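The next block holds one structure in the form of structure tokens; read it before the comments.
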Amino acid sequence: IKSSRDFHPEDTIIKTKHSIIGGDHFVFMAGPDSIESAEHVLEMGKDVQLAGATILRGGAFKPRTSPYSFQGNGEDGLKAHRQAADTLQMDMVTEILDTRDVDLVDQYTDIFQVGTRNMQNFALLKALGQKNKPVVLKRGMSATIDDLLNAAEYIAAGGNDQIILMERGIRTFDNKYTRNTMDVSAIPVLKSLTHYPVIADSSHAAGVSKFVEPIGLAAVAAGAQGLMTEIHDHPKEAFVDGAQALTPEQFKQLADKVRRVRTAI
Ligand code: PEP
């Protein structure tokens, strides 16, 4: 089993142009939920970079619950995202939904993101296994830890071992006050079972902006090697998921607290 610590005892460290992910390094991936416009993603990128982020997130292909909701700006979004990342000298991470888009997204992004809904899209995982590029693999909202590790194995089996695992909250019996439940315990468990970096997304775990910081700090205290955070300058006007977006100022505060937690542990 390639993802197992028995196979590879040392932490895997993934190096991109502007970031080092894994081991004792900590990485901030932040940006808007979706790429709204070239100007907007550039502005958001500037803000998150000032707070310490080296990876600019944003979706051009959005996996929406309703087919009538905004589905993302597609290739125009990818272009705008790439341009902002290049201007700011940041890495780009964006979600890929469909095997048919692998080569298109590959032309633009530095890091592929597989979302919670596609964690067991084995055709997609196999296609990404053929690429020589990092993949952020988000835990399925109803997936066990072994399901997640087996999904990672699909990518590794193809020869791509640049895998970053992400806990983003799972469905439990009480999802009234938060969108999902951040499975904090999954973080140390995953780190004991696998050598791949383990990072956390408290935006999707919380679903509500006021809980994004405390849940993110809990993930960091539990050993997460990075955080993914959604931000927006006008959350109420965000195209997607404004309720969970931090303002740039709130993100800066979170990033400062993360650094304090990391010094303390
Ligand atoms: C996202 O990060 O944009 C996203 C859709 O996340 P998830 O797959 O965790 O819902």
| message | Can you give me the long-range amide H partners of residue 195? Hydrogens built in the peptide plane at 1.01 Å from N, cutoff under 5 Å, separation of 5 or more residues or another chain. | response | 5
| query | Which net charge results for the neighbourhood of residue 67, defined as the other residues with beta-carbon distances under 15 angstrom from its beta-carbon, given Lys and Arg at +1 and Asp and Glu at -1? | reply | +2
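Taking the Cα centre of the stretch 14-264 as the origin, how large is its charge dipole in debye, to the nearest 20, when only Lys and Arg (+1) and Asp and Glu (-1) carry charge on their Cβ atoms? The partial results should precede the final answer.
Working: 27 positive and 31 negative charges, 101 e Å.
Roughly 480 debye for the stretch 14-264.
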| Global size of the stretch 196-260 as Cα Rg and Dmax, reported in angstrom | 11.4, 36
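In µm²/s, what is D for the stretch 107-265 at 37 °C and 0.692 mPa s, where D = kT/(6 pi eta Rh) by Stokes-Einstein and Rh is the Kirkwood radius from Cα pairs? Provide the component values of the computation, followed by the final result.
On the way: Rh = 16.0 Å.
In µm²/s, the coefficient rounds to 205.
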| field | Amide proton proximity set for residue 231, modelled H, under 5 Å, gap of 5+ | value | 31, 33, 246
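In a shell of Cβ-Cβ distance under 12 Å around residue 107, excluding residue 107 itself, what net charge do Lys and Arg (+1) and Asp and Glu (-1) give? Spell out each step's value before the answer.
Numbers: positive: 79, 82, 131, 133; negative: 75, 101, 103, 106, 110.
After counting each charged neighbour, the total is -1.
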| So, with +1 on the Cβ of K and R and -1 on the Cβ of D and E, and no other charges, what is the size of the charge dipole of the stretch 63-190 about its Cα centre, to the nearest 20 debye? | 380
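Taking square-rooted eigenvalues a ≥ b ≥ c of the alpha carbon gyration tensor, is the stretch 1-152 rounded, prolate or oblate, where a/c under 1.5 means rounded and, failing that, a/b exceeding b/c means prolate? Don't skip to the answer; put the middle values down first.
On the way: a/c = 1.87, a/b = 1.23, b/c = 1.52.
Note, shape of the stretch 1-152 comes out oblate.
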| field | Distant-in-sequence amide H partners of residue 59 (H built 1.01 Å from N, under 5 Å) | value | 34, 35
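Quick check on the chain: take the gyration tensor over C-alpha atoms, sort the square-rooted eigenvalues as a ≥ b ≥ c, and tell me if it's rounded (a/c under 1.5), prolate or oblate. Walk me through the numbers on the way to the answer.
On the way: a/c = 1.31, a/b = 1.12, b/c = 1.17.
Cα axes put the chain in the rounded bin.
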| task | Give the residue from 215, 63, 80 lying farthest towards the positive end of the charge dipole for the chain; charges sit on Cβ (+1 for Lys and Arg, -1 for Asp and Glu) and the dipole is referred to the Cα centre. | result | 215
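A short reminder: the numbers here are calculations on the coordinates, not readings from a lab. Given the structure is predicted, the values throughout are model-derived calculations rather than measurements. Glycine also receives a Cβ, built like all others from the backbone with ideal geometry; neighbour counts cover every protein chain displayed.
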